[in-house]
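Each remark here refers to the structure printed beneath this line.
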Amino acid sequence: MTDVITGKPIDRVDGRQKVTGAAQYSAEFPLDNLAYGVAVTSTIAAGHIRNIDTTRAEKIPGVYGVLTYKNSMSLHFPQGGDPSSGKYAEKDLLPLQSDRVFYDGQLIAVALADTFEKAEYAASLVRVSYSPGEPVLDMGQGMPKARKPKTGLGNQELQIKRGDADGAFTDAAVRVEETYTTPVYHHNAMEPHATIAYWTDDQLLVYDSTQSVYGSRSLLASLLGLEPEKVRVVAHFIGGGFGSKGFSWPNTVTAAMAAKWVGRPVRLALARQQMFTTAGRRSQTIQKVSLGADAGGRLLALKHATTSETSFVDEFVEPSGIASAMIYACPNAAITHQVISLNRGTPCPMRAPGESTGSFAMEVAMDELAGRLKMDPIELRLLNYAETEPQKKKPFSDKHLRECYERGAAAIGWKDRNPQTGTMRQGQYLVGYGMATATYPANRSASTAKGLLFADGHAEIECCTQDIGTGTYTVMTQIAADALGLPVDKVKVKLGDSEYPKGANSGGSQVSASVGPAIRAAALGVVAKLKKLVSDDSGSPLHGLAEGDIVARDGGLYGPAGQGETFAAALGRQRLDKLEALATTDVSTRPRSGAPGALSDTEEKAKEESRNNAAVKEDEGVDREAYAFHSWGAQFVRVLVDPELCTIRVDKAVSVMDIGKVLNLKTATNQIMGGMIFGIGMALMEGSQYDPGRGRVVTRDLANYLVPVHADMPDFDIQFIDHPDPYISPIGARGIGEIGITGMAAAVANAVYHATGKRVRDLPVSPEKLMG
């Protein structure tokens, strides 16, 4: 019988393509007569363009021209706003449509030439004069006009209340009330935002670095006034996104505009410096957390008030308090969010938007409360463990957080920790231990996939989702291979093309939970079709058998007595080149028998169960609305602090995660490690700095915007509970891309406090904040 593949740490199926350079990214497709575009950006933070002089640029041989608001095509206002159907990041600032300037670094022109070097030189010769306005450059300046939106992205509730938090806080025996701040962070994916656009008559082909292939297609059609079937978007490989490529930015639609204007394909890739202004970022936040507990440590009141900033051309709210509403059992809670507008580029989701910044504030506050109670931080969290979702009053679909705490504490050596701050040493260094809870919602959306089984015995799966570097190609291949009874090398999963059936966008850690069930259902569907054919075929050794008595394994179909034939033989006798099945998974309830995503009969269920958790046993008719879906984890770190230089090194980092079924141990470990590294950078070094007088990002390259590198890496210990969620989907997997960062910055900050006795509430925890 074919071995179960799902869960095994197999190598990435696209790994060889990537290391040999065979993988083509969005700016790398070789097209004839390609024009190169280079963006020109503004040098003021507010005002109007008085004039753009392109004369010198256009005199250079090989320069096709400079596209500005004076000669560009008109765009249509984008419809909708659902990220699954495309979200333009700056709805009130469509590119090259007016002379208005809202932030320094705004795209205001594109120079086009027959080589990149000529386009770059032409861009440098464009002269722009302005009528400057009065910008709002910092949060203090904008605070008088702060507003409280009711909902955020995806209609997320931003103002949450239960009980009487103010009264309970006043009456609490032990209280913590502190303010925590986080700076602007930038995504800095390895691959910049890049687009190639190519028109053939009224048909548009776009190669785009995007986290939502289907959404980019829908949005481009909307902006350009086209029917969606006139637009094709391709993104086979993406060099990271971390949220910035979940929205569409000016480069995507401007490339299409420019290609129409010059009558040839246009490539437009942002420079690294431009990605700091016109490609998204994480909002700066000010968070006030108030915790009140009784003398025994039981939470009575929890208040989390967040102020974040957005741009003047769109509204994105960093939902830092969302996780605080459900992470601990507390009868009285008040979660509020307010936002102010600044003359900066628009923020957008960045790995665990809200949860990453909010978990820093909340989990440091919990550490401070534990200190005032003279209680172990783990004990405090266990005392306030939420057995059910406290705000929605729903049971969690699955939760093993207690085991995460237990295993993480054992791995870091928590029992050897002296709770007194500043007392532990290793040679010249102060030693500190810190921990925090990690959590992220388990999202899922409807997806469709097509399964194809070919006469030569190989299979293909098509779905218009994308692999942004997380290993989606690999885990989807494993899921399909198990459902088909084929080895991995006989299955090809095809993603990243809007001509495939619609799949989930890569945001909210939802692809595995959304696309996995659809791919599994499509694979099972094509096998079911072949079972019926052989059962009805008098020439088949399986003729007359009930479909439930036939199993797919080892590249063929077999009966209970071992009789059977290969897929190739069965299809060949039918004179079929291929067999197809289309499946759409419904996320409102668990699929019932016979519905897409469900097992076709009880015998098929028994076969799937025998696969040792390759698929979760179906519990038919369970309403998903009855449960709260979240993933959980515990972050532990040990830090070494030089008491003289105040330098900080994370010496060991332990993460124990409860994310449902692990689909591939290697890629899952990689994802959690990546999130932890994000958290280390967030805690100790990252943060964008703006010129206070001009509003310009001054840390706009990787020499000045510091990110963790190999030399900064600790000893990692990453573990998984690996318990399939019985209600999320037939495959039992929850998302994993974002939870790894949550709680990590707090664990580091708490460890630094334990080592030094100095509490830093303003990220990053840099050496100068420990001095004095």
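Please identify the trypsin sites (Lys or Arg not before Pro) of the stretch 530-591 that satisfy two criteria: DSSP loop assignment and at most 14 other Cβ atoms within 10 Å. Which are they?
Values: sites: 531, 532, 553, 573, 575, 578; in loops: 575.
Here the trypsin sites (Lys or Arg not before Pro) that fit, given the DSSP loop and packing criteria, are 575.
Find how many whole Å separate the alpha carbon centroid of the stretch 337-374 from the alpha carbon centroid of the stretch 540-572.
Centre-to-centre (Cα) distance: 56 Å.
How many nm is it between the label spots at residue 703 and residue 425, if each spot is 7 Å from the Cα in line with the beta carbon?
4.0
What is the distance, in nm, between label points placed 7 Å from the Cα along the Cα-to-Cβ direction at residue 624 and at residue 762?
4.4
To two decimal places, what compactness ratio does the stretch 142-251 give when its Cα radius of gyration is scaled by 2.2 N^0.38 Å?
On the way: Rg = 21.9 Å, N = 110, 2.2 N^0.38 = 13.1 Å.
Against the compact-globule rule of thumb, the ratio is 1.67.
In the stretch 1-103, what chymotrypsin sites (Phe, Trp or Tyr not before Pro) fall in a loop by DSSP, with at most 16 other Cβ atoms inside 10 Å? Don't skip to the end; give the middle numbers.
Details: sites: 25, 36, 64, 69, 88, 102, 103; in loops: 69, 102, 103.
For chymotrypsin sites (Phe, Trp or Tyr not before Pro) across the stretch 1-103 that sit outside H, G, I, E and B with at most 16 neighbouring Cβ atoms in 10 Å, the list reads 69.
How long, wide and thick is the stretch 393-500, going by the Cα atoms along their three principal axes, in whole angstroms, largest first?
Sorted largest first, the three principal extents are 69, 43, 27 Å.
What full-extension length gain, to one decimal in nm, is calculated for residue 129 and residue 157 as 0.36 nm per residue of separation minus the Cα-Cα distance?
Values: separation 28, 0.36 × 28 = 10.08 nm, distance 4.32 nm.
Separation in residues times 0.36 nm, less the Cα-Cα distance, equals 5.8 nm.
Just to verify a number: FRET efficiency for residue 546 and residue 166, C-beta to C-beta distance, R0 = 56 Å, to 0.05? Working shown, then result.
Values: r = 66 Å, r/R0 = 1.17.
So, using R0 = 56 Å, E works out to roughly 0.30.
Out of residues 5 or more away from residue 661 or on other chains, whose amide H comes under 5 Å of its own, with H placed 1.01 Å from N in the peptide plane?
725, 733, 734
Straight-line reach only, C-alpha to C-alpha below 28 angstrom: list the lysines that residue 303 could link to, leaving out same-chain residues fewer than 8 apart.
Output for residue 303: 145, 148, 150, 161, 288, 374, 392, 393, 394, 399, 758, 769.
Going by average Cβ neighbours within 10 Å, how do the peptides 246-258, 659-671 rank, with the highest at the top? Intermediate values should be presented prior to the final figure.
Values: 246-258: 26.8, 659-671: 23.4.
Averaged packing, sorted descending, gives the order 246-258, 659-671.
For residue 710 and residue 146, what is the calculated FRET efficiency with R₀ set at 45 Å and r taken between the beta-carbons, to the nearest 0.05?
Details: r = 42 Å, r/R0 = 0.92.
With R0 = 45 Å, the Cβ-Cβ based efficiency is 0.60.
Sequence-distant or interchain residues sharing an amide H contact under 5 Å with residue 564, placed H: which?
559
Taking the Cβ of residue 187 as the centre, find all other residues whose Cβ is under 9 Å away and add up their charges (Lys, Arg: +1; Asp, Glu: -1). If you can, show how the numbers build up before the last one.
Values: positive: 245, 281, 282, 351; negative: none.
In short, +4.
On alpha carbon coordinates alone, what is the Rg over Rh value for the stretch 265-336, Rh being the Kirkwood radius?
Details: Rg = 19.0 Å, Rh = 15.2 Å.
Rounded to two decimals, Rg/Rh equals 1.24.
How large is the convex hull of the C-alpha atoms of the chain per residue, in Å³?
160
If I take R0 = 30 Å and measure r between the Cβ atoms of residue 74 and residue 271 in this structure, what FRET efficiency does the formula 1/(1 + (r/R0)^6) give, to the nearest 0.05? Let's see the in-between values first.
On the way: r = 27 Å, r/R0 = 0.91.
Calculated transfer efficiency: 0.65.
Within the stretch 121-216, list the trypsin sites (Lys or Arg not before Pro) lying in a DSSP loop whose Cβ has at most 11 other Cβ atoms in a 10 Å radius.
Working: sites: 127, 145, 147, 150, 161, 162, 175; in loops: 150.
Filter output for the stretch 121-216: 150.
Evaluate the distance, in nm, between pseudo-label points positioned 7 Å from the Cα of residue 553 and of residue 3 along their respective Cα→Cβ axes.
Here the modelled spin labels are 1.5 nm apart.
With θ taken as phi - 60° and the coefficients 6.51, -1.76 and 1.60, list the Karplus ³J(HN,Hα) couplings across the stretch 177-186 in order, rounded to whole Hz; mark glycine and proline as x.
Taking θ as phi minus 60°, the curve returns 9, 9, 10, 10, 10, 10, x, 6, 10, 10 Hz for the stretch 177-186.
Could you report the stretch 516-592's accessible area per residue, 1.4 Å probe, as an integer in Å²?
Details: 3220 Å² over 77 residues.
Accessible surface, normalised per residue, equals 42 Å².
Using alpha carbon coordinates only, what is the Rg to Rh ratio of the stretch 11-152, with Rh defined as the Kirkwood radius? Could you put the intermediate results ahead of the total?
Numbers: Rg = 19.7 Å, Rh = 18.4 Å.
Computed over Cα atoms, the ratio is 1.07.
If you roll a 1.4 Å probe over the heavy atoms of the protein chains, what accessible area per residue do you get for the stretch 417-486, in Å²?
On the way: 1870 Å² over 70 residues.
Heavy-atom accessible area per residue stands at 27 Å².
For the stretch 71-137 and the stretch 450-507, write down the distance between their C-alpha centroids in whole Å.
If you average the Cα positions of each part, the centres end up 37 Å apart.
Pairwise over distinct Cα atoms, reciprocal of the mean inverse distance: report the Kirkwood radius of the stretch 306-450 in Å, one decimal place. Numbers along the way, then the final one.
Numbers: mean 1/r = 0.0554 Å⁻¹.
With all distinct Cα pairs of the stretch 306-450 included, I get 18.0 Å.
Roll a 1.4 Å probe over the protein chains and send me the accessible area per residue for the stretch 226-275 in Å². Display every interim value, and only then the final one.
Details: 1450 Å² over 50 residues.
Ligands and nucleic acids excluded, the result is 29 Å² per residue.
Above 14 angstrom, tally the Cα pairs of the stretch 459-511 and express them as a % of all pairs, no decimals.
Cα-Cα pairs of the stretch 459-511 separated by over 14 Å account for 50 percent.
Starting from the Cα gyration tensor of the stretch 495-571, take the square roots of the eigenvalues, sort them a ≥ b ≥ c, and report rounded, prolate or oblate (rounded when a/c is under 1.5, otherwise prolate if a/b is larger than b/c, else oblate). Display every interim value, and only then the final one.
On the way: a/c = 3.40, a/b = 2.65, b/c = 1.28.
Prolate, because a/c is 1.5 or more and a/b exceeds b/c.
Whole-Hz Karplus ³J(HN,Hα) for the stretch 308-322, in order, using 6.51 cos²θ - 1.76 cosθ + 1.60 and θ = phi - 60°, x for Gly and Pro?
Listing the rounded values in order: 10, 10, 9, 9, 8, 10, 6, 10, 10, 9, 6, x, 5, x, 4 Hz.
With a 1.4 Å probe and every protein chain kept in, tell me what percent of the accessible surface of the chain is carbon plus sulfur. Show your work: numbers first, answer last.
On the way: 13960 of 28290 Å².
Carbon and sulfur together cover 49 percent of it.
The values are calculated or read from the model by the stated rules, or taken from the named source; none is laboratory data. Model, not experiment: these values are computed from the prediction. Every residue, glycine as well, gets a Cβ built from its backbone with ideal geometry; the counts of neighbours run over all protein chains shown. Note: accessible area is taken over every heavy atom of the protein model, side chains too, but ligands, DNA and RNA are not part of it. Shrake-Rupley method; radii C 1.70, N 1.55, O 1.52, S 1.80 Å.
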